[in-house]
């Protein structure tokens, strides 16, 4: 661990952070400040109260910023610095912009004072509550954006000796009351093996001179708050005690949004990486080189990943130590060059040329760039004779770049992520080893599965948390995936909550399993491509005596076939007394669900055989038209009488008791009271979607009739006494 002493400059601090990001030593973790003991006690009390009365975000929900690290067990996150004041709000959490945000809990003045020390600089400020048995997968996050380095700080409040964090194969126990700098660009994980919850505050800021002077530099006495004190070198060294912890695989999030899966190579310290959602970018994932300015979007075709460039593309190079950094750029002329060769230059921030080349075809150019530790060089690669447009393309495609990277020494292992569309595996021999998937290589399992087993006449593979696989189809369309699966001892409480998700974490199917059964999921596929999928347990993770593995579920068979064409049932089908009227969006089918979107309101009618009250249930989910959850849902009759007011946070079923008259169409209106927001991705206003409207009761067939004085009063009111 590198010590941040008084003689360290902001430039060398930045270089030490980036060395750790590249797993070359550097600064992984450092205790910077200590909180006054009385103030810490007040903050703790407020924290426990806050956790009891405010709502956390749902980390297990697809789309949550922490979903990709696959939390196991109960892990509550409270967003305390945002634009809405809602502690479950995760919007803008990772964008690195403090603008428009404020502290989200006015009843916690001491916590607010702590966050207020850094308020003008905070990207986010969260409370993390990790409960006994909970953990997250090993992962590393992005650090650099343009010329800025992101810093993460952690303040433990309540912890126990068995609540630890692993940072680049070192296990640490963080002491309460100490503000630690934590390098989120290192491979890290957190787990709580104790018997009580662990509470931490976590916040992000950009590195600037004020942060360096008040948090890291040892020469001065300034701190962000009078109740925060500097930690001396001897005390800091004692707070950095660690033990070894091996990491064999991890997940890497990049600034482009690509998520990579890294697995350690046999008998090696290097890791091979593959993309889980989409291809990694043309720059290295260690963020030593960062694209800036305006680049064309990332593209993938013919097994290559690249970006087209119109005239010039800009990038920054961070110096880790003084000297010359050798770079290489793999590129190819495009149709924007009217006459070959492409005349290419690489220039620095002053416009001085660092490389000149004439290219007839795809080549790799190599050159050196003088750098200083912790400082960035801004470079541009540009075409001197491009600019031509061609029929059918509005862009000038002067050249495309496949890779910008630091030169590797001869024979060094390649650690760049493999492209998604790598060559298909070779066919299995005629007498193939038995497995749970077809022997035609249409389904290929990743290394996340336990080995194939045979026991008591059954063949299966156990899964811990999740099993990844790829599905290769022969034609575009829908494939029906069949999974023969059974819960295991890793599930502490039945039923097993099983999900099938795609590479972006979108749920394709879900099931609650108490015993062995076959789960069927329809998957949209493209012919010849590897459609990456995961089957996972939402409530597993328990170990049992006698087996070091976590056995959440086992899969006996996984097959696929063309999905049968579906005749889509409408949302009120099977209930002939309900009719849809008014402005409903068309019926849709996605990920196994049938539904209709609603903009503002949707009307429907009830035709009853006799006067009375019908209990109607609505299976609904908020949409993008609701700017701030919960969706405020209303059901009114034709006179405007309020029959239902409900707050809907997620997909759920709500019911309303509806007075009806016999033999007439009783008109009702289902509406969003707080919708109306539009989003760039869809011209429609999607306030909520309805999966089903029906009569409440078993199979939706039972009706609730109210007899006695209430019905008599209704009949009198309707003139039918």
- Note on the structure: Counting only residues in the range 533-561 that are modelled with pLDDT under 85 and in a strand (DSSP E or B), the one surrounded by the fewest Cβ atoms within 10 Å (Cβ to Cβ) is identified as 561
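Quick grid of which residues meet (1) outside any loop (DSSP other than H, G, I, E, B); (2) assigned by TED's automatic domain parsing to the domain that holds residue 133; (3) in contact with a helix residue (DSSP H, G or I) (Cβ under 7 Å, 6 or more places away or on another chain); (4) surrounded by 16 or more Cβ atoms within 10 Å (Cβ to Cβ):
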position	(1), (2), (3), (4)
490	no, no, no, yes
500	yes, no, no, yes
515	no, no, no, no
522	yes, no, no, yes
- Please go through the range 343-352 and pick out each residue that is surrounded by fewer than 16 Cβ atoms within 10 Å (Cβ to Cβ) and closer than 17 Å to residue 326 by Cβ. 348
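Quick grid of which residues meet (1) surrounded by fewer than 17 Cβ atoms within 10 Å (Cβ to Cβ); (2) touching a residue at least 12 places away in the same chain (Cβ under 8 Å); (3) in the same structural domain as residue 58 (by TED's automatic domain parsing); (4) more than 18 Å from residue 690 (Cα to Cα):
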| residue | (1), (2), (3), (4) |
| --- | --- |
| 625 | no, yes, no, no |
| 636 | no, yes, no, no |
| 641 | yes, no, no, yes |
| 645 | yes, yes, no, no |
| 648 | no, yes, no, no |
| 656 | no, yes, no, no |
| 661 | no, yes, no, yes |
| 664 | yes, yes, no, yes |
| 669 | no, yes, no, no |
- Message: Can you list the strands (runs of 3 or more DSSP E) lying wholly within the range 281-346 that have 3 or more residues being farther than 21 Å from residue 252 by Cα, touching a strand residue (DSSP E or B) at 6+ places or on another chain (Cβ under 7 Å) and not assigned by TED's automatic domain parsing to the domain that holds residue 402?
- Response: none
- Task: Would you confirm whether any residue within the range 634-641 is under 20 Å from residue 584 (Cβ atoms) and modelled with pLDDT under 90?
- Result: yes
- Item | Single residue of the range 675-696 satisfying the filter (in contact with a strand residue (DSSP E or B) (Cβ under 7 Å, 6 or more places away or on another chain) and surrounded by fewer than 17 Cβ atoms within 10 Å (Cβ to Cβ)) that is nearest to residue 612 (Cα to Cα) | 691
- Would you mind finding the one in 84, 108 that is under 22 Å from the mean Cα position of the chain (by Cα) and either buried (at least 16 other Cβ atoms within 10 Å of the Cβ) or not assigned by TED's automatic domain parsing to the domain that holds residue 198 (or both)? 84
- Query: Which is in contact (Cβ under 8 Å) with a residue 12 or more places away in the chain and either surrounded by fewer than 18 Cβ atoms within 10 Å (Cβ to Cβ) or closer than 21 Å to residue 126 by Cβ (or both), of 238, 177?
  - Reply: 177
- Single unsatisfied condition, residue 48 versus (1) touching a helix residue (DSSP H, G or I) at 6+ places or on another chain (Cβ under 7 Å); (2) closer than 22 Å to residue 190 by Cα; (3) surrounded by fewer than 18 Cβ atoms within 10 Å (Cβ to Cβ): (1)
- Query: Does residue 376 qualify as being modelled with pLDDT of 90 or more, touching a strand residue (DSSP E or B) at 6+ places or on another chain (Cβ under 8 Å) and within 30 Å of residue 20 (Cβ to Cβ)?
  - Reply: no
- Message: Quick check on the range 241-257: of everything there that is without any contact (Cβ under 8 Å) to a residue 60 or more places away in the chain and touching a strand residue (DSSP E or B) at 6+ places or on another chain (Cβ under 9 Å), which residue is surrounded by the most Cβ atoms within 10 Å (Cβ to Cβ)?
- Response: 256
- State which residue pairs qualify: first residue in the same structural domain as residue 367 (by TED's automatic domain parsing) and closer than 18 Å to residue 317 by Cβ and inside the range 397-410, second residue modelled with pLDDT under 75 and surrounded by fewer than 19 Cβ atoms within 10 Å (Cβ to Cβ) in any location, beta carbons under 7 Å apart, and separation of 6 or more residues or different chains. none
- Residue, farthest from residue 24 (Cα to Cα), within the range 148-172, restricted to residues that are free of Cβ contacts under 8 Å to residues at least 60 places away in the same chain and surrounded by fewer than 17 Cβ atoms within 10 Å (Cβ to Cβ): 160
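Which residue out of 429, 413, 425 is over 22 Å from residue 254 (Cβ atoms), modelled with pLDDT under 80 and within 31 Å of the chain's Cα centre (by Cα)?
On the way: 429 fails: within 31 Å of the chain's Cα centre (by Cα); 413 fails: over 22 Å from residue 254 (Cβ atoms).
None of the others qualify; the one that does is 425.
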- Does residue 115 satisfy the condition of being within 30 Å of residue 535 (Cβ to Cβ), in contact with a strand residue (DSSP E or B) (Cβ under 6 Å, 6 or more places away or on another chain), in contact (Cβ under 8 Å) with a residue 12 or more places away in the chain and surrounded by 17 or more Cβ atoms within 10 Å (Cβ to Cβ)? no
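Mind checking which residues of the range 37-73 are in a loop (DSSP other than H, G, I, E, B) and at pLDDT 90 or above?
54, 55, 56
Answer with yes or no whether residue 509 is surrounded by 18 or more Cβ atoms within 10 Å (Cβ to Cβ), in a strand (DSSP E or B) and modelled with pLDDT under 85.
It is true that residue 509 is surrounded by 18 or more Cβ atoms within 10 Å (Cβ to Cβ), in a strand (DSSP E or B) and modelled with pLDDT under 85.
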- Message: Which count do you get for residues in the range 368-386 that are surrounded by 16 or more Cβ atoms within 10 Å (Cβ to Cβ) and in a strand (DSSP E or B)?
- Response: 10
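The values are calculated or read from the model by the stated rules, or taken from the named source; none is laboratory data. This one's a predicted model, so the numbers in the text were calculated from it and none came from an experiment. Here Cβ is always computed from backbone atoms with ideal geometry, including for glycine, and neighbour counts include all displayed protein chains.
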